[in-house]
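Participant: Provided herewith is a single structure, encoded as structure tokens, for subsequent inquiry.
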Amino acid sequence: HVCRHFEHFVPSEVVGIRAGELRTQGLDVADELLVEMPGPWNGPVRVVRRDRESLHLVTLRGHMEAGQVQFRAHTDGDLLIFEIELWARAATRLVHVLYSHLRVAKEIQLNMWVRFCLSAVKISGGRLVDGVHIHTRRLSPPPRAARKR
């Protein structure tokens with residue numbers, strides 16, 4: 001359902017999804033989307049993998065982050081588990097300041113992913129069990145000498 005109706009999972013009052021001509025089965029490998037948000041946040045992404053249980057997107061030039069996001073769904077007994085895993089860094093210094101120091105971009109993104117998860121619950125016809133869990137891990141930057149190379 002995420003691949004066929006991606007736009008139904010994002011908070012439509014602040015996020016728009018623009019896609020080219022999509023196949024009848026929805027998003028597929030090599031398809032590109034533009035996630036439109038207020039301000040300088042528009043984010044072009046490309047589908048790099050799609051299977052029955054997951055959708056994997058990578059960011060393209062012009063996105064506020066450099067990274068990738070994977071949406072996964074699987075069953076665990078009677079439960080349907082829906083996960084979003086994001087690996088990213090700020091694409092520019094300005095985004096780094098807005099995300100890490102002023103936390104503006106971080107709050108926008110957090111709200112979007114929580115709403116995406118809640119939409120998955122609603123569309124599945126199920127009910128949320130134990131809330132939405134968010135785990136953030138920060139990697140230390142490489143030593144200065146390694147960054148110059």
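The values are calculated or read from the model by the stated rules, or taken from the named source; none is laboratory data. On a predicted model such as this, the values are computed, not experimentally measured, just so you know. Here the Cβ is made from the backbone with ideal geometry for all residues, glycine too, and neighbour counts use every protein chain on show.
Participant: Six or more apart or on different chains, Cβ under 6 Å: which pairs go from a residue in the stretch 83-100 that's farther than 19 Å from Val45 by Cα to one that's polar (S, T, N, Q)? Could you list them?
Facilitator: Taking only residues 6 or more apart or on different chains, not a single pair turns up.
Participant: Does Asp51 count as over 20 Å from Glu36 (Cβ atoms), at pLDDT 85 or above and more than 18 Å from the chain's Cα centre (by Cα)?
Facilitator: Judged against the criteria, Asp51 is not a match.
Participant: Identify, from the list Glu7, Glu53, Glu32, the residue that is under 19 Å from Val114 (Cα atoms) and of a type outside the set (Ser, Thr, Tyr).
Facilitator: Testing whether each residue is under 19 Å from Val114 (Cα atoms) and of a type outside the set (Ser, Thr, Tyr) leaves just Glu7.
Participant: Same structure, new question: So, in the stretch 114-131, exactly how many residues are of a type in the set (A, V, I, L, M) and part of a loop (DSSP other than H, G, I, E, B)?
Facilitator: Number of matching residues: 2.
To keep it simple, each residue is scored yes or no on (1) surrounded by 14 or more Cβ atoms within 10 Å (Cβ to Cβ); (2) in a strand (DSSP E or B); (3) among the acidic types (Asp, Glu).
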{"site": "Phe71", "(1), (2), (3)": "yes, yes, no"}
{"site": "Ala88", "(1), (2), (3)": "yes, yes, no"}
{"site": "Met112", "(1), (2), (3)": "yes, no, no"}
{"site": "His133", "(1), (2), (3)": "no, no, no"}
{"site": "Thr136", "(1), (2), (3)": "no, no, no"}
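Participant: Sticking with this one: Does Leu34 qualify as being without any contact (Cβ under 8 Å) to a residue 24 or more places away in the chain, out of contact with any strand residue (DSSP E or B) (no Cβ under 9 Å at 6 or more places or on another chain) and farther than 24 Å from Gly126 by Cα?
Facilitator: It is false that Leu34 is without any contact (Cβ under 8 Å) to a residue 24 or more places away in the chain, out of contact with any strand residue (DSSP E or B) (no Cβ under 9 Å at 6 or more places or on another chain) and farther than 24 Å from Gly126 by Cα.
Participant: Could you tell me which numbered condition Val97 fails, if it satisfies all but one of (1) over 13 Å from the mean Cα position of the chain (by Cα); (2) of a type outside the set (Ser, Thr, Tyr); (3) at pLDDT below 90; (4) more than 22 Å from Leu139 (Cα to Cα)?
Facilitator: Condition (4) is where Val97 drops out.
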